[in-house]
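Below: one structure in structure tokens.
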Amino acid sequence: MASLLFKTRQVAGEQLGLASLHRGHPWLYAERIKEESHRGQMGDLAVVFDAKRRFVAVGLYDPLSPIRMRALRASKPGPIDRAFFAERIAQALARRLPLLNTRTDGYRMIHGESDGMPGMVVDRYGETAVVKLYTHAWLPHLYDCLDSLLEQQPLCRVVLRLSRSLKQHPEYLRGLEDGQILYGEPITETLTCLENGLRFEVDPVRGQKTGFFLDQRDNRARVERLAKGRRVLNAFSYNGGFSLAAARGGALEVTSLDQSGPALESSKRNFALNADVPAIAAARHLTIEDDAFKAMAELVKQGKKYDLVIIDPPAFAVRRSQVKEALNAYGRLAHLGVCLLAPGGDIVLASCSSPVDPEAFRQTMCDAAARAGRPLRQIEETSHALDHPLDFAESRYLKCLFAKA
């Protein structure tokens, strides 16, 4: 694999980007590069030197991305080869050992930057793994990583998923396609995974993310502990993860609200998959297919009240320029949520918008609830689960508040 040499740009006497690379930050932005030794190819190894020609970092080169280099080694040089990738994969899998039990077989095996594999995530659903790439730079190294993964994990299938940015440049995909089976047999029947003993259907080829929202596992378990004897509203319910947890926890009635008809149908099938659990069979499961903002406002007009309200919307901000608008949206949802909450009830408010600061999110939720005359109290905040580690600051995207109002 060819090597491309970088020198970084100096600003006011400080070499922008070098200090963070030395500390292990994996990103080098294009505007911070002062000089390139030659025109590199996608996935080449880019080596960064300081002004004194001292090694700083080596990583994967992506000429299409503002993140021009994703560092794999910093401060001390060494080979980047199949053995290197095998070691990184082994380290990531070792961190997940506490999750391995007979009640859970759906979890994230590799969490990108936090596991030293920047721009790649790998999720496991039973015997199927899904590799999702966020940079073309991994493609020349994909099969080395795949071989190493299969040597260390008993898998019957590996599926490839591509981010939106990759699909916009098919000329770099080497003939690969989103949803392609990289290893094993085609999917001919519905796949399922276990999460804390609950069974969920998974669509790794067409589903959102890699087929399921694994990052909310711990929060779903917490909702289960809050649900006994309650009427529950789950807004932005997708395939009913929180709904099913609440039902097993003893909820009398659970309403799943989502604008996607197929997602709601999936939630019904998930209830059916777990009908052998007495509490789930006993719970009344209702569905509302509508825009959550509109439907919640209508429920407020109707005077509906719930003992537990869960609001887990999709990301409202993917760039910093969208943060203000996102916070306004979160505030509207918090206002509607507390208006639907019965006295003494609990509300769960989540955000997966990475640019939204946790403190700004918390303050926005508190302000909106106070304006509605239902100030939040006994607030507790949860963050990432064990399989979504926070070794890399920018990887913190999930924020979840549990409160009474």
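Of all residues in region 63-89, how many are under 24 Å from the mean Cα position of the chain (by Cα), hydrophobic (A, V, I, L, M, F, W, C) and either closer than 21 Å to T210 by Cβ or in a strand (DSSP E or B) (or both)?
Total meeting the criteria: 6.
Go through region 269-288 and report how many residues are surrounded by 15 or more Cβ atoms within 10 Å (Cβ to Cβ), free of Cβ contacts under 8 Å to residues at least 60 places away in the same chain and not β-branched (V, I, T).
Adding up the residues that qualify gives 4.
For every residue, the table says whether it meets (1) in the same structural domain as S267 (by TED's automatic domain parsing); (2) part of a loop (DSSP other than H, G, I, E, B); (3) buried (at least 16 other Cβ atoms within 10 Å of the Cβ).
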{"site": "K304", "(1), (2), (3)": "yes, yes, no"}
{"site": "E325", "(1), (2), (3)": "yes, no, no"}
{"site": "A329", "(1), (2), (3)": "yes, no, yes"}
{"site": "L333", "(1), (2), (3)": "yes, no, yes"}
{"site": "L336", "(1), (2), (3)": "yes, no, yes"}
{"site": "G344", "(1), (2), (3)": "yes, no, no"}
{"site": "V348", "(1), (2), (3)": "yes, no, yes"}
{"site": "M365", "(1), (2), (3)": "yes, no, yes"}
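Mind counting the residues in region 122-179 that are of a type outside the set (K, R) and within 19 Å of R68 (Cα to Cα)?
Residues of region 122-179 of a type outside the set (K, R): 122-123, 125-131, 133-156, 158-160, 162-163, 165-166, 168-173, 175-179.
After this cut, where a residue has to be within 19 Å of R68 (Cα to Cα) as well, the list is 133-142, 162-163, 165-166, 168-173.
Total satisfying the criteria: 20.
Report, by residue number, each residue of region 171-186 that is aliphatic (A, V, I, L, M) and under 11 Å from V130 (Cβ atoms). Even if it seems obvious, please write down each step before you answer.
Step one: of region 171-186, the residues aliphatic (A, V, I, L, M) are 173, 176, 181-182.
Answer for region 171-186, where residues must be aliphatic (A, V, I, L, M) and under 11 Å from V130 (Cβ atoms): I181, L182.
Hey, any hits in region 320-339 for a residue that's free of Cβ contacts under 8 Å to residues at least 40 places away in the same chain, touching a Gly at 6+ places or on another chain (Cβ under 6 Å) and of a type in the set (A, V, I, L, M)?
The answer is no, given that none of the residues of region 320-339 is free of Cβ contacts under 8 Å to residues at least 40 places away in the same chain, touching a Gly at 6+ places or on another chain (Cβ under 6 Å) and of a type in the set (A, V, I, L, M).
Considering only residues that are polar (S, T, N, Q) and under 14 Å from V121 (Cβ atoms), which ones fall in region 379-405?
S395
Same structure again: Could you identify the single residue in L166, L155, L139 that is modelled with pLDDT of 95 or more and assigned to a loop (DSSP other than H, G, I, E, B)?
L155
Being touching a helix residue (DSSP H, G or I) at 6+ places or on another chain (Cβ under 7 Å) and among the polar types (S, T, N, Q) is the filter; apply it to region 378-405 and report the residue that is nearest to Y306 (Cα to Cα).
Per the stated criteria, the residue is T382.
On the basis of being surrounded by fewer than 22 Cβ atoms within 10 Å (Cβ to Cβ), part of a loop (DSSP other than H, G, I, E, B) and polar (S, T, N, Q), does S354 make the cut?
It is true that S354 is surrounded by fewer than 22 Cβ atoms within 10 Å (Cβ to Cβ), part of a loop (DSSP other than H, G, I, E, B) and polar (S, T, N, Q).
Just to check your reading of the model, which residue among A405, A393, A369, A360 is closer than 22 Å to F316 by Cα and surrounded by 21 or more Cβ atoms within 10 Å (Cβ to Cβ)? If you could, list the steps in order and put the result at the bottom.
Working: A405 fails: closer than 22 Å to F316 by Cα; A393 fails: surrounded by 21 or more Cβ atoms within 10 Å (Cβ to Cβ); A360 fails: surrounded by 21 or more Cβ atoms within 10 Å (Cβ to Cβ).
From the options A405, A393, A369, A360, the qualifying one is A369.
From the list L194, L176, exactly one residue is touching a residue at least 60 places away in the same chain (Cβ under 8 Å), of a type in the set (A, V, I, L, M) and surrounded by 15 or more Cβ atoms within 10 Å (Cβ to Cβ). Which is it?
L194
Name the residue that is surrounded by the fewest Cβ atoms within 10 Å (Cβ to Cβ), counting only residues in region 117-136 that are assigned to a loop (DSSP other than H, G, I, E, B) and free of Cβ contacts under 8 Å to residues at least 60 places away in the same chain.
E127
Something else now. Residues that are surrounded by fewer than 20 Cβ atoms within 10 Å (Cβ to Cβ) and over 23 Å from E394 (Cβ atoms): does region 54-62 have at least one? Can you show your working first?
At the first step, the residues of region 54-62 found to be surrounded by fewer than 20 Cβ atoms within 10 Å (Cβ to Cβ) are 54-55.
Filter once more, keeping what is over 23 Å from E394 (Cβ atoms): 54-55.
Yes - at least one qualifying residue is present in region 54-62.
Looking only at region 224-282, count every residue that is charged (D, E, K, R) and within 14 Å of D312 (Cα to Cα) and tell me the total.
Residues in region 224-282 being charged (D, E, K, R) and within 14 Å of D312 (Cα to Cα): 1 in total.
Does L341 satisfy being at pLDDT 95 or above and within 24 Å of R377 (Cβ to Cβ)?
For L341, the condition - at pLDDT 95 or above and within 24 Å of R377 (Cβ to Cβ) - is met.
Going by the conditions given, is S256 in a loop (DSSP other than H, G, I, E, B), modelled with pLDDT of 95 or more and crowded, with 17+ Cβ neighbours inside 10 Å?
Taking the combined requirement at face value, the residue does not satisfy it.
Per-residue answers, yes or no, for (1) of a type in the set (K, R); (2) closer than 19 Å to R374 by Cβ; (3) under 25 Å from the mean Cα position of the chain (by Cα):
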position: L308; (1), (2), (3): no, yes, yes
position: P313; (1), (2), (3): no, no, yes
position: V318; (1), (2), (3): no, no, yes
position: K324; (1), (2), (3): yes, no, yes
position: L333; (1), (2), (3): no, yes, yes
position: G337; (1), (2), (3): no, yes, yes
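The values are calculated or read from the model by the stated rules, or taken from the named source; none is laboratory data. All values derive from a computational prediction rather than experimental measurement. Counting neighbours? That spans all protein chains shown, and the Cβs are built from the backbone with ideal geometry, glycine included.
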